[in-house]
């Protein structure tokens, strides 16, 4: 989902060149599935300065294919996936907040996941990496929080799967966050959502190069399957209107050979094929399977008699909920259900539905009204924080 | 898309056991792509009796994966894909109409297509079967019409791609039909539609068993890819609501081994995997590629300055247009655009939008209001036909 943005080194960025850090958590972590991770590493980036009271830290939670590089330009010249929203004077203002974005376990961008070495075998975990739930990501982030000696997040913020983490934080550690910002998320996936994820997994698993998940042992990877999985995902993150506006029915055959024409004659087809192929060079197939299953199995109210109001009655923070009108993966209805459940539980919640034709991807893209809504909410929260610190 | 319906032989059906016929068209047919088919065969079924005036014939046009077995029970005990709507006293009443449903060329159910023998090579056409457009299907159906000595269709009726054929008939042979019934169709596909088809094709083409389209030469077929293609298609023919109602988030692991649990843990996943696998045993991959490309390239108004009103001003028949509220592949908006263009062209058109939560598949499923709308329209048309025959 991160937009395809890479700027030359020479471009000035107010955050400068960002560098990642690694936290090695040398404590065993019990996972929801029953397995214990003996230790794990979390790679993360930070932006802004932690104040003396250590109470201005904001946790950014990434989505399915996100990573720790949320803002600024890294050493390879790549712009962070949420750079539109994180930085000095931006909605998540690094003049006020100390922003932390970790890559989560089970992913493949530096933190412990299927591509890491299994200490028991000395080989990559591969498909044997234990199954992970959203609650496990929160637990791992809690280790990072302790590691950084932060007692309470000023805010936990995330879009899509990131929003699920923010909600999960509010139930798992109610005292440990002041605000939860839940963007383009849902309390659980619909059957249609699960079905799209299932097709994506089957595309990966039926690729001959998948080798029952042990492709790393054979120095190969199921690139075709992963490209297909990404194409399905990417298409469903966009709206029909946005695709129509961007591509319509344009046929592009300029400079294409016969074989390539066969592959993608319409521009929208070329675009999707390109996005799929690019992603399949960068992401790990076992991670993709693991994290889509995490999405499928997330169910906020499952442990609370399937009653979201009962679930949210655990929470002590304030909430901002944001949805986008053309998002058909996690539609505004999902956000209204979250909001109504919070109201039912007597919690402080602000909800805004942003008019956008960008589909689910809108949460990553620049939009003035979205920027303002998020910025004003967090600015007010920063003022309260300052007042409380006096 | 045909529902999974097979009844035991002993079940009484008012149409009896239906048998297919074959028309061998021994005339060369020029295709839109520039190639000429030296001859071709069309397999078809008929229901009802052709009257003396030979003016009560109705042409049924099938969609992407349909065939000639539209109604009744065939020798294998399989019920036709539109049996809910064709038969004595049904909406398409075989007491009044002589109903003909051919399998179209390029498909794989008996008519000339990629699995047929190429007279030039003595081997199956495979991927070398020429590309086919909707206009070619109409032309081939016109040969069948002549073969059966029918001068004018009482009606041409179809859903989805079938509706495109009905519209195409009204422009290509305006004098040759009295009524066109256009159900759950569109004048052209949206970028999103094209993108779903592209992913389906890539799933087939990236299956190692595809062998660049020559899999028949190797006695194999890209079953995994075709199953994936079907799963994508099937999922988009259903609505989120219908899936939610049918499956919700039910997890089914009864009687499943570990490997199977891995494949499809949620019931919706099991269902889709089953549908995909079943289809991949029955349908030809090259046909699937060929017909999805036909869908992508259909553009009713392309040859009329991209003006649908100018296009429909060619038509002389009356129209019935039907859409379904939860169809997000060919939404009610597409049907309204057809209707508005027909009104703009001064044509007689009736339009009904059926409330349904069944998505695009609604056009195949029983629904009282839909049955009544279609039945009353065709009953009136039959009365007019009778009056004109006196």
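Which condition breaks for residue A:59 when tested against (1) surrounded by 24 or more Cβ atoms within 10 Å (Cβ to Cβ); (2) over 15 Å from the mean Cα position of the chain (by Cα)?
Every condition holds for residue A:59 apart from (2).
May I ask you to list the residues in the stretch A:75-92 that are crowded, with 18+ Cβ neighbours inside 10 Å and assigned to a loop (DSSP other than H, G, I, E, B)?
A:80, A:81, A:82, A:83, A:84, A:85, A:90, A:91
Which of the numbered conditions does residue A:140 fail, given that it passes all the others? Conditions: (1) out of contact with any helix residue (DSSP H, G or I) (no Cβ under 9 Å at 6 or more places or on another chain); (2) free of Cβ contacts under 8 Å to residues at least 60 places away in the same chain.
Here residue A:140 meets the rest and fails (2).
Go through the stretch A:93-110 and give me each residue that's part of a strand (DSSP E or B) and surrounded by fewer than 24 Cβ atoms within 10 Å (Cβ to Cβ).
The answer is A:93, A:98.
Out of all the residues in the stretch A:361-382, is one or more at pLDDT 95 or above, assigned to a loop (DSSP other than H, G, I, E, B) and over 27 Å from residue A:230 (Cβ atoms)? Even if it seems obvious, please write down each step before you answer.
So in the stretch A:361-382, the residues at pLDDT 95 or above come out as A:361-382.
Filter once more, so that each one left must be assigned to a loop (DSSP other than H, G, I, E, B): A:365-367.
Still in the running and over 27 Å from residue A:230 (Cβ atoms): none.
No, every residue in the stretch A:361-382 fails to be at pLDDT 95 or above, assigned to a loop (DSSP other than H, G, I, E, B) and over 27 Å from residue A:230 (Cβ atoms).
Could you tell me whether any residue of the stretch A:173-188 is facing another protein chain (nearest Cβ under 9 Å), within 30 Å of residue B:204 (Cβ to Cβ) and modelled with pLDDT of 95 or more?
No, every residue in the stretch A:173-188 fails to be facing another protein chain (nearest Cβ under 9 Å), within 30 Å of residue B:204 (Cβ to Cβ) and modelled with pLDDT of 95 or more.
When the residues of the stretch A:189-220 are filtered to those that are part of a loop (DSSP other than H, G, I, E, B) and more than 17 Å from residue A:295 (Cβ to Cβ), which remaining residue is farthest from the other protein chains (Cβ to nearest Cβ)?
Initially, the stretch A:189-220 is screened for residues part of a loop (DSSP other than H, G, I, E, B), giving A:189-190, A:206-207, A:214, A:219-220.
If we keep only those that are more than 17 Å from residue A:295 (Cβ to Cβ) as well, we get A:206-207, A:214, A:219-220.
Details: A:206: 4, A:207: 8, A:214: 14, A:219: 18, A:220: 13 Å.
Step by step, filter the stretch A:189-220, then rank; the result is A:219.
Given (1) crowded, with 19+ Cβ neighbours inside 10 Å; (2) over 27 Å from residue A:331 (Cβ atoms); (3) touching a helix residue (DSSP H, G or I) at 6+ places or on another chain (Cβ under 6 Å); (4) at pLDDT 95 or above, identify the lone condition not met by residue A:264.
Here residue A:264 clears every test but (4).
Residues in the stretch A:118-133: is at least one under 16 Å from the mean Cα position of the chain (by Cα) and either modelled with pLDDT under 95 or closer than 26 Å to residue A:301 by Cα (or both)? Step through it out loud before you land on a result.
So in the stretch A:118-133, the residues under 16 Å from the mean Cα position of the chain (by Cα) come out as A:132-133.
Retained after the next criterion (residues that are either modelled with pLDDT under 95 or closer than 26 Å to residue A:301 by Cα (or both)): A:132-133.
Taking every residue of the stretch A:118-133 in turn, at least one turns out to be under 16 Å from the mean Cα position of the chain (by Cα) and either modelled with pLDDT under 95 or closer than 26 Å to residue A:301 by Cα (or both).
Scanning for something facing chain B (nearest Cβ under 10 Å), surrounded by fewer than 22 Cβ atoms within 10 Å (Cβ to Cβ) and at pLDDT 95 or above, does the stretch A:221-230 turn up at least one residue?
Looking through the stretch A:221-230, at least one residue is facing chain B (nearest Cβ under 10 Å), surrounded by fewer than 22 Cβ atoms within 10 Å (Cβ to Cβ) and at pLDDT 95 or above.
Taking residue B:33 as meeting all but one of (1) touching a helix residue (DSSP H, G or I) at 6+ places or on another chain (Cβ under 9 Å); (2) modelled with pLDDT of 95 or more, write down the number of the exception.
Of the numbered conditions (1) touching a helix residue (DSSP H, G or I) at 6+ places or on another chain (Cβ under 9 Å); (2) modelled with pLDDT of 95 or more, the odd one out for residue B:33 is (2).
So for the stretch B:302-322 (the condition being within 14 Å of chain A (Cβ to nearest Cβ), touching a strand residue (DSSP E or B) at 6+ places or on another chain (Cβ under 6 Å) and at pLDDT 95 or above), does at least one residue qualify?
No, because not a single residue in the stretch B:302-322 is within 14 Å of chain A (Cβ to nearest Cβ), touching a strand residue (DSSP E or B) at 6+ places or on another chain (Cβ under 6 Å) and at pLDDT 95 or above.
Tally the residues that are part of a loop (DSSP other than H, G, I, E, B) and either within 14 Å of chain A (Cβ to nearest Cβ) or more than 18 Å from residue B:99 (Cβ to Cβ) (or both), restricting the search to the stretch B:132-172.
Restricting attention to the stretch B:132-172, the residues satisfying the condition of being part of a loop (DSSP other than H, G, I, E, B) are B:132-133, B:148-152, B:154, B:160.
Narrowing the set further to residues that are either within 14 Å of chain A (Cβ to nearest Cβ) or more than 18 Å from residue B:99 (Cβ to Cβ) (or both) leaves B:132-133, B:160.
Going through the stretch B:132-172 one residue at a time, the tally reaches 3.
Please tell me if residue A:216 is assigned by TED's automatic domain parsing to the domain that holds residue A:273 and closer than 18 Å to residue B:224 by Cβ. Explain how you work it out, then say what you get.
On the way: assigned by TED's automatic domain parsing to the domain that holds residue A:273: yes; closer than 18 Å to residue B:224 by Cβ: no.
Taking the combined requirement at face value, the residue does not satisfy it.
Kindly establish whether residue A:127 is more than 30 Å from residue A:367 (Cα to Cα), in contact (Cβ under 8 Å) with a residue 12 or more places away in the chain, within 14 Å of another protein chain (Cβ to nearest Cβ) and assigned to a helix (DSSP H, G or I).
Numbers: more than 30 Å from residue A:367 (Cα to Cα): yes; in contact (Cβ under 8 Å) with a residue 12 or more places away in the chain: yes; within 14 Å of another protein chain (Cβ to nearest Cβ): yes; assigned to a helix (DSSP H, G or I): yes.
Criteria met by residue A:127.
Kindly indicate which of B:22, B:49, B:60 is over 30 Å from residue B:194 (Cα atoms) and outside any loop (DSSP other than H, G, I, E, B).
On the way: B:49 fails: outside any loop (DSSP other than H, G, I, E, B); B:60 fails: over 30 Å from residue B:194 (Cα atoms).
None of the other options fit; the residue is B:22.
I'd like to check something: does the stretch B:164-176 contain any residue that is more than 30 Å from residue A:248 (Cβ to Cβ), touching a strand residue (DSSP E or B) at 6+ places or on another chain (Cβ under 8 Å) and touching a residue at least 12 places away in the same chain (Cβ under 8 Å)?
Looking through the stretch B:164-176, at least one residue is more than 30 Å from residue A:248 (Cβ to Cβ), touching a strand residue (DSSP E or B) at 6+ places or on another chain (Cβ under 8 Å) and touching a residue at least 12 places away in the same chain (Cβ under 8 Å).
The values are calculated or read from the model by the stated rules, or taken from the named source; none is laboratory data. What you see is a predicted model; the values in this text were computed from it and never measured. Positions of Cβ are generated from backbone atoms using ideal geometry, with glycine treated the same way; all protein chains shown enter the neighbour counts.
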